[in-house]
Amino acid sequence: MAQKDATNGNGATTRPPPTPSPIRFSKFFQANMRILVTGGAGFIGSHLVDKLMENEKNEVIVADNFFTGSKDNLKKWIGHPRFELIRHDVTEPLLVEVDQIYHLACPASPIFYKHNPVKTIKTNVIGTLNMLGLAKRVGARILLTSTSEVYGDPLEHPQTEAYWGNVNPIGVRSCYDEGKRVAETLMFDYHRQHGIEIRIARIFNTYGPRMNIDDGRVVSNFIAQAIRGEALTVQKPGTQTRSFCYVADMVNGLMKLMNGDNTGPINIGNPGEFTMLELAENVKELINPEVTVTMTENTPDDPRQRKPDITKAKEVLDWEPKVVLRDGLVLMEDDFRERLAVPKKAKA
Ligand SMILES: NC(=O)c1ccc[n+]([C@@H]2O[C@H](COP(=O)([O-])OP(=O)(O)OC[C@H]3O[C@@H](n4cnc5c(N)ncnc54)[C@H](O)[C@@H]3O)[C@@H](O)[C@H]2O)c1
Ligand SMILES: O=c1ccn([C@@H]2O[C@H](COP(=O)(O)OP(=O)(O)O[C@H]3OC[C@@H](O)[C@H](O)[C@H]3O)[C@@H](O)[C@H]2O)c(=O)[nH]1
């Protein structure tokens, strides 16, 4: 390709995208898809990396600032010839030649995203702008992990993708939910204005091994509490509902979305709906029947009900979750027991 410089009117010079190195497509170099995962050291991201690395044709690059993620989640890949880990904050520009970008970087637990709300909104807005700029520059397809929180405290139930939501724009959760709404807007504007190939997943509550033990999310809290023999802290009123998706199902859905033809937004979640009291009862029965359940204060703007309508995911992705909550909780227990160093009591 001819390298033609252009002046944009104020003396600054713009250049066309860099051409990939020819060696990349040589017969001696096997990888044919280079994939960037932002936030790949986190909970969902690291499971996604595991799955992407199973395909020997993939090279995977993770960019993460380790705010809520950890190198430990990726330890089996560090040093692998098809894997690279970069300490990078997505609020700063990044240039890497990639074919696909899974853009996950953002703290997800309410405790962490409220810890530094200005940083959270910067991550969602400037971080997504930077990743869209990268996608535009190198011609990559980009998938955003948006959230069911774009529906706010929903007045329609279950939530379809056509619902515009009920969000408090100035509340303590808005750095995250309004941040993700702007991120979705940016994705569509880049798609319409610059022809970028986009995919948007609206993820509903996801759980599984490798969640941070004390990150404050309800499933990780209850499992850690049950294993430690502490009371399960149900926040009031306890009748609020959530729908919990096992992480392997989630990763499968994200990859189908990335590699399919539909831009989304598409709800990806498990429609099984539980109150927090029901969740506590399930955890207690499965993990430690001796623990008690205690009611504690809630936080502002906590959504009262949430359940995905996944008709679109079934139709356009041929995807639906396979793991029911009670099975997933048991799969997660093993990982938490190992990390907490509390083995299961042998049955008498
Ligand atoms: N887990 C869920 O229930 C859920 C639900 C809806 C949406 N999501 C979305 O999925 C994505 C992953 O969630 P998760 O549960 O794995 O969360 P997580 O907190 O475990 O992972 C997020 C990762 O992003 C990294 N990160 C945060 N800010 C960054 C920044 N500025 N630059 C670079 N890296 C940064 C963190 O260090 C971490 O590794 C997030 O975008 C989240 O909003 C998750
Ligand atoms: O110890 C606890 C923690 C939480 N809860 C309750 O459990 C429910 C779920 O809370 P979580 O903190 O796990 O998660 P939320 O549903 O509020 O947010 C979540 O949903 C969408 C994602 O985008 C977010 O990343 C995710 O954390 C809330 O009603 C909360 O009040 C408890 O009852 N006890």
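The values are calculated or read from the model by the stated rules, or taken from the named source; none is laboratory data. Just so you know, these numbers come straight off a predicted model, no measurement behind them. Positions of Cβ are generated from backbone atoms using ideal geometry, with glycine treated the same way; all protein chains shown enter the neighbour counts. Quick note on the areas: whole protein, heavy atoms, side chains included, nothing else; ligands and nucleic acids left out. Shrake-Rupley method; radii C 1.70, N 1.55, O 1.52, S 1.80 Å.
Please enumerate, by chain and number, the lysines with C-alpha under 16 Å from the C-alpha of K180, excluding those fewer than 8 residues away in the same chain. Excluding near neighbours in sequence, the set is K114, K119, K122.
With all protein chains kept in place, the per residue accessible area of the range 165-243 amounts to 37 square angstrom at a probe of 1.4 angstrom. Using 1/(1 + (r/R0)^6) with R0 = 22 angstrom and r between the beta carbons of T263 and L155, what's the FRET efficiency to the nearest 0.05? Once rounded, the FRET efficiency stands at 0.30.
Per-residue ellipticity at 222 nm from helix content only, as computed over the chain with -39500 (n - 2.57) for each DSSP H run of at least four residues, stands at -10500 deg cm²/dmol.
Under 5 Å from the amide H of G152 lie the amide H atoms of N166, each residue being 5 or more positions distant or on a separate chain, with H modelled from the backbone and absent for Pro and chain starts.
Size descriptors for the range 237-319 (Cα atoms only): Rg and Dmax, in that order, 16.1, 50 Å. Amide H contacts for T147 (H built 1.01 Å from N in the peptide plane; partners 5 or more residues away or on another chain; cut-off under 5 Å): I203.
Once backbone amide H atoms are built at 1.01 Å from N, I86 has V62, A63, D64 as its partners under 5 Å, excluding neighbours fewer than 5 places away on the same chain.
Taking the 1.4 Å solvent-accessible surface of the range 50-129 as the whole, the part contributed by carbon and sulfur is 54%.
3J(HN,Hα) couplings calculated from phi for the range 193-210 with the Karplus curve 6.51 cos²θ - 1.76 cosθ + 1.60 (θ = phi - 60°) are, in sequence order, 7, 10, x, 5, 7, 10, 9, 10, 9, 9, 7, 9, 2, 10, 9, x, x, 6 Hz; Gly and Pro show x. The relative contact order of the chain comes to 15 percent, based on Cα pairs under 8 Å that sit 6 or more residues apart. Pairwise Cα separations in the chain fall into 20 Å bins from 0 onward with the following percentages, short to long: 29, 57, 13, 1, 0. In straight-distance terms, cross-link reach from K345 covers every one of the lysines whose alpha-carbon lies under 17 Å from its own, apart from those fewer than eight places away in the same chain; here that gives K284. So, in Å, what gap is there between the alpha-carbon centers of the range 134-213 and the range 245-261? A separation of 15 Å, based on Cα centres. Helix 247-259 axis versus longest C-alpha principal axis of the chain: approximately 20°, rounded to the nearest ten.
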